[in-house]
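Q: Here it is, the structure, as C-alpha cells.
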There are 2 protein chains.
Amino acid sequence: MATIKDVANDAGVAVGTVSKVLNGHHVSAENKRKVEESVARLGYQMNYYARGLKTRYTYTVAVIVPDILTPFFACLVYYIEQELYRYGYRMFLCQSLHEAEKDSYYLQLARQNKVDGILGITFNTTQLSQAGDIPVVMIDRHLDNSVCVTSDNFHGGELAVQQLFARGSRKLLFIRSGSRLSSETLKRGDGFAAACREKQLSYEVMDSGDDACGFNGEGIGEYLQMHMTDGKLEFDGIYTSTDGLGLTVLEQMRRMNIRVPQDVQLIGHDGLRHLNRGAYLLSSIAQPVEDMARAGVETVIHLIRREPVQEMTVLPVTFVEGGTTRTME
Amino acid sequence: MATIKDVANDAGVAVGTVSKVLNGHHVSAENKRKVEESVARLGYQMNYYARGLKTRYTYTVAVIVPDILTPFFACLVYYIEQELYRYGYRMFLCQSLHEAEKDSYYLQLARQNKVDGILGITFNTTQLSQAGDIPVVMIDRHLDNSVCVTSDNFHGGELAVQQLFARGSRKLLFIRSGSRLSSETLKRGDGFAAACREKQLSYEVMDSGDDACGFNGEGIGEYLQMHMTDGKLEFDGIYTSTDGLGLTVLEQMRRMNIRVPQDVQLIGHDGLRHLNRGAYLLSSIAQPVEDMARAGVETVIHLIRREPVQEMTVLPVTFVEGGTTRTME
C-alpha cells in the first residue's frame, strides 16, 4: 500500500505539502493538483485513526431529530445531509424519540471526540447545559446560551392573521397542540394574538392537548361542534400551529359538512407538500427548510473551526396557498 | 482522567476483565455489574482511536438511501436507526440522490475501515462489484452475488389481483413507473400478469414513463381518457407499482369524475400512511417495513461479525384497506 512518502516522491513535493493537502490546508493550486493526481494514481488512503489521534477531527456531525417519520424533520435532514456532504462532513443520524438518553449518548460521543459537532432539534435544556464547549447548534429551538437557527415563528402567527383577514375572515381561531415544541407554538400563538389585537379582531385560542402529532381529532371535533350556532361555525378563519394539526382540523370540518375555504378558511404552519414533493397539503405558513438546513450546517462548521458565529439566526417565513384559503378580495 | 487500570482497581477485577466488558465480550454477570459501576463512578471513557487501531471496528454502519424525502425510505430509516442503536451501532445516513459518486464514497470509507458495513437501497451493480469483502446488505434490490433483504414483490402483484377479483373487479390494469426500481416493479407486474392469466382475466399494462416518483399525472390522465367508452372506463380494477403512482392515478380519476371505489377499485404498493403515521392513503400491498429493517440490520451485523447469513431473505407482504377498494363480495 502506498505511503505518504510515495505520494510525495511521485508528486515531486515535500511530505509536508502532501499532508497539508490531505488535511485541507492551503497550498498552491499547482501543488494541490500534483498531490491529488498522485493520490489518485497510487490509490493512497489516509490512515484514519492515526489522523484522528493527531487532529482530533472526525469530520462527522451528529444530527439529532425527534424522529425521521415526521415529514418536516425528513425535509430538514434531506437538506442537512447534502449541505454537510458539500463541506466534506459525514452525518450520524440519531432519532431521540422523545428519550433524553439518546441526546446524552451523542453528547458523550462529542466529548470523546467521536463526533465534531451536534446539530439538534430535540435537546431539553438539562441535556444542553452538559454540552460544555462542544459545538452544538439547535434548529428551531431557542434555549438559554445556545446557538440557534430558527424561522420567525412570531411573524408566522402575524402573517396567518394578515392573510386570513385580507381574504375575508373576521372571527379567528388558533388551535395549537401542547407538544414538546411548546416554546415555538406559543410564539406562533403570540404573533397570532398580537395581530388580532392590532386589527381589533375577535379571536379564540384552543389547546388540543399534549398529543405531539396533533392527531387528537375527536377533541377538536367536539370543540368545533360546541361552537356551532344555527348550523354555522362561529369562526370563519382558523390557524393551526402545525400542518399536521391543520389536516386533522380539515378532516373534522369535512365530516361536519363545513365547506373549506368557502365557509371557513384554514392556514397551517410548516409548508408540507404531498409526499414531500408535490402540491402543498393546505394553505400554510412555510418554514424556509432549505435555508434553515444551510444556516444550521454553516453555523456548526464555524463552531467546530472555532470561528465566530451569530448566536441567533432567524429566517423569514412565507405564506403559501394550498387550497384552504380563498383568493384575495 | 481515569485509566482502564483505575477501573480495574476500583472494581476489584483484572484489566482483561474490564477490557472484555468494554468490548462487549462475555464475562460473569457479577463482574459485568462491578465493571459498569466503576466505569460510571470514575467517568471512564475509552480511547476511541486507540480502540479503532486495535480492533478496526468503528461500530458504525452506513445506510444509503436514494433520498430521505420519499416516505417509504423515511419509514425504513426510522426502523433501521432504532435497530442499529439496539446493537450498539451508530448510523451514517447517506442519500445517494441518484448519483453513483456517493455510493463510491461510502464504499471507500468502508475500505478504509471508517465504517464497518453498508446497508443500501440504491447501489448499481457496477458499484457493488467493487465492494470486495466489505459487508454490504441490499434492501429491496436483488443483485447478483449480493446479500439481500426484500419483500415478496411477485406475490404482491398476485395479491393485488386476488383482492381486486374477490371484491368484484374483472377488467384489470397495471400501471408502473419505469423508474430505477425497475427490477422490483417488473416483478410486481409479473405477479400481476401471472395471477390474471390464472384467473383468465383480461388485463393491460401501462408504463407511465421513467419519472421515478410517479407524478406523471398528465400522461396517465391521457391514457385513461383514451380508454373511456360511453363515459365509462374500460377497466374496473387498477393496481399501481407504488402508492405514489396510485395517488396520482386517484387524482386523475377524480378529475374525470370516475368514482373510486364504486366504478373502479384501486390498489397501490408500499402501504404508505397519512403523514407516515395515520390512516393508509389508499388500499395497498403493504411492505413489512419494520421487519425488513430488522432483518437488514441483523444481516449486516452478522456479516460484520463474520457469522453465516442467509443470502436472500424474502418477507411477506399484506393487503391493507385504504378506502379505494370495496368490501368483499
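Q: Restricting to the stretch B:118-140, count the residues that are buried (at least 23 other Cβ atoms within 10 Å of the Cβ), β-branched (Val, Ile, Thr) and at pLDDT below 75.
A: The total comes to 1.
Q: Filter the stretch A:236-256 for residues that are of a type in the set (S, T, N, Q) and closer than 15 Å to A:Tyr223 by Cα and give the result. Step through it out loud before you land on a result.
A: Here is the first cut: in the stretch A:236-256, the residues of a type in the set (S, T, N, Q) are A:240-242, A:248, A:252.
Answer for the stretch A:236-256, where residues must be of a type in the set (S, T, N, Q) and closer than 15 Å to A:Tyr223 by Cα: A:Thr240, A:Thr248, A:Gln252.
Q: So which of A:Val115, A:Val18 is at pLDDT below 90, surrounded by 20 or more Cβ atoms within 10 Å (Cβ to Cβ) and in a helix (DSSP H, G or I)? Before you say what the answer is, go through the steps one by one.
A: Working: A:Val115 fails: in a helix (DSSP H, G or I).
Criteria check complete, one pass: A:Val18.
Q: Just give me the residues in the stretch A:57-76 being in a helix (DSSP H, G or I) and in contact (Cβ under 8 Å) with a residue 60 or more places away in the chain, in sequence order. I'd like the intermediate steps shown before the answer.
A: Initially, the stretch A:57-76 is screened for residues in a helix (DSSP H, G or I), giving A:71-76.
Passing the criteria: A:Pro71, A:Phe72, A:Ala74, A:Cys75, A:Leu76.
Q: Moving on. For the stretch A:211-329, list the strands (runs of 3 or more DSSP E) that sit wholly inside it and hold at least 1 residues that are at positive phi and either out of contact with any Lys or Arg (no Cβ under 8 Å at 6 or more places or on another chain) or touching a residue at least 12 places away in the same chain (Cβ under 8 Å) (or both); which are they?
A: Values: elements: A:237-240, A:265-270, A:284-286, A:312-315, A:318-320.
Those strands (runs of 3 or more DSSP E) span A:265-270.
Q: Could you grab me the full set of residues in the stretch A:222-245 that are surrounded by fewer than 24 Cβ atoms within 10 Å (Cβ to Cβ) and touching a helix residue (DSSP H, G or I) at 6+ places or on another chain (Cβ under 7 Å)?
A: Result: A:Leu224, A:Leu233.
Q: What's the total number of residues in the stretch A:246-264 that are crowded, with 24+ Cβ neighbours inside 10 Å and either polar (S, T, N, Q) or not assigned by TED's automatic domain parsing to the domain that holds A:Gly168 (or both)?
A: 1
Q: Might you check whether a residue that is modelled with pLDDT under 95, under 17 Å from the mean Cα position of the chain (by Cα) and within 20 Å of A:His274 (Cα to Cα) occurs anywhere in the stretch B:297-306?
A: Scanning the stretch B:297-306, I find no residue that is modelled with pLDDT under 95, under 17 Å from the mean Cα position of the chain (by Cα) and within 20 Å of A:His274 (Cα to Cα), so the answer is no.
Q: Given A:Val314, A:Val320, which one is over 30 Å from B:Asp270 (Cα atoms), away from chain B (no Cβ under 14 Å) and of a type in the set (A, V, I, L, M)? Even if it seems obvious, please write down each step before you answer.
A: On the way: A:Val320 fails: over 30 Å from B:Asp270 (Cα atoms).
After ruling out the rest, the residue left standing is A:Val314.
Q: For the stretch B:276-305, what are the residues that are β-branched (Val, Ile, Thr) and closer than 30 Å to A:Asn216 by Cβ?
A: Filtering the stretch B:276-305 for residues β-branched (Val, Ile, Thr) gives B:285, B:289, B:297, B:299-301, B:304.
Within the stretch B:276-305, just B:Val289 meets the criteria.
Q: Here's something else I'd like to know. Kindly indicate which of B:Leu143, B:Leu172 is crowded, with 16+ Cβ neighbours inside 10 Å and modelled with pLDDT under 90. I'd like the intermediate steps shown before the answer.
A: Numbers: B:Leu172 fails: modelled with pLDDT under 90.
Going through B:Leu143, B:Leu172 in turn, the sole match is B:Leu143.
Q: Output the qualifying pairs, or none if there are none: Cβ atoms under 9 angstrom, residues six or more apart or on different chains, first residue in the stretch A:99-115 and of a type in the set (Ser, Thr, Tyr), second residue crowded, with 18+ Cβ neighbours inside 10 Å and modelled with pLDDT under 75.
A: A:Ser104/A:Gln127
Q: Here's another thing I want to ask about it. Residues in the stretch A:28-47: is at least one surrounded by fewer than 20 Cβ atoms within 10 Å (Cβ to Cβ), modelled with pLDDT of 90 or more, more than 8 Å from chain B (Cβ to nearest Cβ) and in a helix (DSSP H, G or I)?
A: Checked against the condition, which is being surrounded by fewer than 20 Cβ atoms within 10 Å (Cβ to Cβ), modelled with pLDDT of 90 or more, more than 8 Å from chain B (Cβ to nearest Cβ) and in a helix (DSSP H, G or I), the stretch A:28-47 yields at least one hit.
The values are calculated or read from the model by the stated rules, or taken from the named source; none is laboratory data. Source: prediction; values computed, not measured. Glycine also receives a Cβ, built like all others from the backbone with ideal geometry; neighbour counts cover every protein chain displayed.
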